[in-house]
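J.: Structure provided below as structure tokens; questions to follow.
What follows is calculated from the coordinates using simple rules that are stated; it is not laboratory data. Every value quoted in this text rests on a predicted model; they were computed, and no experiment measured them. Don't worry about glycine lacking a Cβ; one is built from the backbone with ideal geometry, like all the others, and counts go over all protein chains shown.
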Amino acid sequence: MKFDYLRKWMFLVFGLLAVSFAEASTQGDSLLIQEGVASFYGKRFHLRKTSNGEIFHMDSLTAAHKTLPFGTVLKVTRVDTGTSVWVKVNDRLPKYSKRIIDLSQAAASELDMIHDGITMVKLEVIEPEVIEILIDYYGEEKPLSIRLRPIAFAINYTKPSPDWSLVKHPAAFFP
């Protein structure tokens, strides 16, 4: 008897967790634009100009990306731990780099990747409207490594009631 209650309780808890994880992954996945390797840079470039003309501070939450427009705000999530940090793109990576993003030392510290040096990350934008802006920005020349697709908004759809008068009586099939 106790086992049945425990089993029902566990089923309820795990069911709720599964639903909340599914909702979170659906939302996150819709804003995901890229996955790959991240690295960081710091002391060597500290107080030097970045590609957009700002002065780089290794203690700021900034990043270098190959193609994203300057000022783009990204959520960078470390794949293996799930920790994340928000950064602003203000610099460029070399065109043929195998990394997708270079983080400032402060951002790398937030992701606890200083010791590792590189890690797998996923990049997400802050809201669906940013994806529309990026689609317009790239036009027909979107980089293959970036995933941009318009987010469909909810459609209010009411399913019509079936017209049971059109359904044949079962006796009609069996003479």
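J.: Can you list the residues, at least 5 places off or on another chain, whose amide H is less than 5 Å from the amide H of K66, using H built in the peptide plane?
T.: So K66 has HN proximity to L93.
J.: In addition: Going by amide H atoms built from the backbone, whose H comes under 5 Å of the H on L111, apart from near neighbours?
T.: none
J.: If we sort 126-133, 101-108 on the protection proxy, mean other Cβ atoms within 10 Å, highest first, what's the order?
T.: 101-108, 126-133
J.: Residue-wise, which Karplus ³J(HN,Hα) couplings in Hz belong to region 129-143, taking 6.51 cos²θ - 1.76 cosθ + 1.60, θ = phi - 60°, and x for glycine or proline?
T.: Once θ is set to phi - 60°, the couplings for region 129-143 become 4, 5, 4, 4, 4, 5, 4, 5, 4, 7, x, 7, 10, 5, x Hz.
J.: Over 20 Å between Cα atoms, which of K43/K75; K49/K98; K88/K122 qualify?
T.: The answer is K43/K75; K49/K98.
J.: Let me ask something additional. With θ set to phi - 60° and the Karplus curve 6.51 cos²θ - 1.76 cosθ + 1.60, what are the ³J(HN,Hα) couplings of region 109-118 in order, to the nearest whole Hz, using x for Gly and Pro?
T.: 5, 4, 8, 6, 10, 4, 5, 6, x, 9
J.: Using mean Cβ contacts within 10 Å as the protection proxy, how do 135-144, 50-59, 69-78 order, highest first?
T.: Most protected by this proxy first, the peptides run 69-78, 50-59, 135-144.
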